[in-house]
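Sharing a structure below in structure tokens format, with a few things to ask.
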Amino acid sequence: MASPWRSTEATNSEEVNAPLCIELVGYMFGNYPACLLETWIYFHSHVIETQARGKQEAVQSLGKATAFCVWSPKRYGFDDLEVNEYCTKLLHIYGERYVTYANCLVSYARPVKVCQNCYTHFNSLTEINTNISSDQLGPGNVSCHDSLMRSDRLMLLYTLYSDMEEIWESAECKQCLTEDGEALTNETVYFMAMANQSLTCFQQYLSNHTELCKDCKASYKRLNELYGRMEKNQTLCIDIEDAMNITRRLWSKNYKCSLPREETVPVIAVSSFMLFLPIIFYLSSFLHSEQKKRKLIHPNRAKSSSSLMNIQDKFS
């Protein structure tokens, strides 16, 4: 098709007639006749009224006019023929749940409370992703797996869900939830209650850190002990870890408090024994060697007087 561009000195809409506009639109959208009329309206209102400033502005305006066809495919029947109404509905639900879950993650990013507040949204997203990913047939014996999950190289739905699932697994939220993932475990709820109790105690003594370290010591100690047991049992998720880190940072760094641990005394005793062990060893060795050197010398005893007298009589 020859280029429809024509030189014109038009200064108003009356000097540019409809056939020229239709020809321009046909040049840009030859395969989309359904867009001709509405694109011509757009061209007429945005180009002609600007006094036809030239080819470049007309091209830009016609480029904007593609929105009538590109961004509204259903209005003109250009939607993907492989995606039926049922799959399109699932796609819409997927988008809504994905956005809800993403908003929840952002809302509870600091302090981290995603496991406590976002598990229902994650379960909903997982459910719709499973429905789309499965080969199970829906109404009209239709499966949306191929058309929605594997119809292009990008595989956008699969990639989006994989990223969200990776975040959930990295947070280890399953360790704070029941086996069915429908509720928080009792231990998690109890820990959060104790953490809030310690933080509430801190708030009461913000102006007197000495009293804070004294009166909040018991609750903080219990919280540490519970955290230690949960860490040993591998029942920690990111929410609990973050809550404990915040509490410890406030206790030690902000309020300059300390909490002597019970194993400190045995450690000190063993360390002291090990320190003095070489001294004890060398001291005992020295004493033992000195005892070997020390020998008693017994003098020869004089013979009895009777023997001496006999000897004298013999030589007399």
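The values are calculated or read from the model by the stated rules, or taken from the named source; none is laboratory data. Every value quoted in this text rests on a predicted model; they were computed, and no experiment measured them. Cβ coordinates were reconstructed from backbone atoms using ideal geometry, including for glycine residues, and neighbour counts include every protein chain displayed. The accessibility values were calculated without ligands, DNA or RNA, using every heavy atom of the protein model including side chains. Shrake-Rupley method; radii C 1.70, N 1.55, O 1.52, S 1.80 Å.
Just for the range 198-243: of the residues that are within 22 Å of Ala109 (Cα to Cα) and polar (S, T, N, Q), which one is most open to solvent (accessible area, probe 1.4 Å)?
Ranking the qualifying residues of the range 198-243, first place goes to Thr200.
State the number of residues belonging to the range 105-116 that are open to solvent by less than 40 Å² (accessible area, probe 1.4 Å) and without any contact (Cβ under 8 Å) to a residue 40 or more places away in the chain.
0
Across the range 234-256, which residue is nearest to the chain's Cα centre (by Cα) among those that are within 18 Å of Lys174 (Cβ to Cβ) and among the hydrophobic types (A, V, I, L, M, F, W, C)?
Ile238
Filter the range 163-180 for residues that are modelled with pLDDT of 95 or more and either surrounded by 14 or more Cβ atoms within 10 Å (Cβ to Cβ) or farther than 19 Å from Tyr101 by Cα (or both) and give the result.
Met164, Glu165, Ile167, Trp168, Ala171, Glu172, Cys173, Lys174, Gln175, Cys176, Leu177, Thr178 - these are the residues of the range 163-180 that are modelled with pLDDT of 95 or more and either surrounded by 14 or more Cβ atoms within 10 Å (Cβ to Cβ) or farther than 19 Å from Tyr101 by Cα (or both).
Also, I was wondering about something else. Just need a number here: residues in the range 199-236 that are outside any helix (DSSP H, G or I) and within 21 Å of Gln116 (Cβ to Cβ). Spell out how you get there, then give the answer.
Going through the range 199-236, the residues outside any helix (DSSP H, G or I) turn out to be 205-208, 216, 234-236.
When the remaining residues are screened for being within 21 Å of Gln116 (Cβ to Cβ), the result is 234-236.
Within the range 199-236, residues that are outside any helix (DSSP H, G or I) and within 21 Å of Gln116 (Cβ to Cβ) number 3.
Here's another thing I want to ask about it. Working carefully through the options Tyr101, Tyr119, Tyr94, find the one that is in contact with a His (Cβ under 8 Å, 6 or more places away or on another chain) and crowded, with 17+ Cβ neighbours inside 10 Å.
So the residue among Tyr101, Tyr119, Tyr94 that is in contact with a His (Cβ under 8 Å, 6 or more places away or on another chain) and crowded, with 17+ Cβ neighbours inside 10 Å is Tyr101.
Does the range 184-197 hold any residues that are without any contact (Cβ under 8 Å) to a residue 40 or more places away in the chain, out of contact with any helix residue (DSSP H, G or I) (no Cβ under 6 Å at 6 or more places or on another chain) and open to solvent by less than 100 Å² (accessible area, probe 1.4 Å), and which are they?
Val189, Ala193, Asn196, listed by residue number.
Here is a check on your reading of the model: is Leu160 surrounded by fewer than 17 Cβ atoms within 10 Å (Cβ to Cβ), at pLDDT below 95 and part of a loop (DSSP other than H, G, I, E, B)? Steps first, please.
Values: surrounded by fewer than 17 Cβ atoms within 10 Å (Cβ to Cβ): yes; at pLDDT below 95: yes; part of a loop (DSSP other than H, G, I, E, B): no.
Against the criterion (surrounded by fewer than 17 Cβ atoms within 10 Å (Cβ to Cβ), at pLDDT below 95 and part of a loop (DSSP other than H, G, I, E, B)), Leu160 does not qualify.
In the range 109-150, how many are assigned to a loop (DSSP other than H, G, I, E, B) and more than 29 Å from Thr247 (Cβ to Cβ)?
12
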